[in-house]
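Asker: Starting off with a structure, shown below.
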Amino acid sequence: MNIKKLDQIFEILKSRPKRRLVVAYGQDPNTLGAISLAVEKGLIDATIVGNEKVIVDVCRDRGINTSNFHIVNEKDEMR
């Protein structure tokens, strides 16, 4: 298949079984936005590990719905 648009990739991925994505220290706004988009498109189920307060604050500031993923509160970034 010759893919010319990003939407074509999404269609291919939707036809496959959904995967679980676990992100360690997922507090970056771009990372959270990308994960949220992938969940909304039905491509993945997501778990974010990191400081829950920071994750929730970033999501609130960026308009990201925290119910799109499961958050595991871990304040120590090295754990």
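Asker: In region 33-53, which residues are closer than 24 Å to GLU11 by Cβ and outside any strand (DSSP E or B)?
Answerer: Answer for region 33-53, where residues must be closer than 24 Å to GLU11 by Cβ and outside any strand (DSSP E or B): GLY33, ALA34, ILE35, SER36, LEU37, ALA38, VAL39, GLU40, LYS41, GLY42, LEU43.
Asker: Further question: Residues of region 65-79 being of a type in the set (A, V, I, L, M) and modelled with pLDDT of 95 or more, which ones?
Answerer: ILE71, VAL72, listed by residue number.
Asker: Do you know which residues across region 26-54 are of a type outside the set (Val, Ile, Thr), closer than 13 Å to HIS70 by Cα and either free of Cβ contacts under 8 Å to residues at least 12 places away in the same chain or touching an Asp or Glu at 6+ places or on another chain (Cβ under 8 Å) (or both)?
Answerer: Hits for region 26-54 are GLY50, ASN51.
Asker: Under the condition of being among the acidic types (Asp, Glu) and touching a Gly at 6+ places or on another chain (Cβ under 8 Å), which residue from region 29-79 is surrounded by the fewest Cβ atoms within 10 Å (Cβ to Cβ)?
Answerer: GLU77
The values are calculated or read from the model by the stated rules, or taken from the named source; none is laboratory data. Quick caveat, the model's predicted, so the values are computed rather than measured. Here the Cβ is made from the backbone with ideal geometry for all residues, glycine too, and neighbour counts use every protein chain on show.
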